[in-house]
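The values are calculated or read from the model by the stated rules, or taken from the named source; none is laboratory data. Not measured: the values here are computed from a predicted model. No Cβ is skipped: glycine too gets one built from the backbone with ideal geometry, and neighbour counts run over all protein chains shown.
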Amino acid sequence: MAEPGGAEKLSSEEQSVVAPPASQAPTSQDDSTVETAEEAVEPPEADINELCNDMFSKMSCYLTGELIATSEDYKLLENMNKLTCLKYMEMKDIAGNISRNLKDLNKKYASLQPYLEQINQIEEQVASLENAAYKLDAYSKRLEAKFKKLEKR
């Protein structure tokens, strides 16, 4: 029959078969190989209760620590989420300001577009006048050369 502690309780007959009583001398030549069986003794009831209470209090302390650590992890995660939310709100505001400024710049560019077209037209006219001035200068040089040629005659 097995005991709760794992040791088996042997009857007096089984004890005599397993090992001779201490008063009998072993029949084998090697005295060190023979062992005597002792009956397993249960610890007193108070010790088991005390050990159980100690185990439960330590387990309670361990589980409380684990729950506190998990709770702190969730609080940290919550704070990180709040900070991330604030950063995204700031980024949203910045993006809104950039969008608004870009729209304003596009409106200003659109209002300047007629003036830019006028500048382009004036630039084309200046280029045309410059070309005419070069032609006039070339013509005047030829005319001057002809005049000098006629004057020499």
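Data for the structure
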item: Criterion: out of contact with any strand residue (DSSP E or B) (no Cβ under 6 Å at 6 or more places or on another chain) and surrounded by fewer than 10 Cβ atoms within 10 Å (Cβ to Cβ) - qualifying residue of E130, E117, E144, E151; result: E151
item: Condition check for A46: exposed (fewer than 10 other Cβ atoms within 10 Å of the Cβ), of a type in the set (A, V, I, L, M, F, W, C), at pLDDT below 70 and under 60 Å from the mean Cα position of the chain (by Cα); result: yes
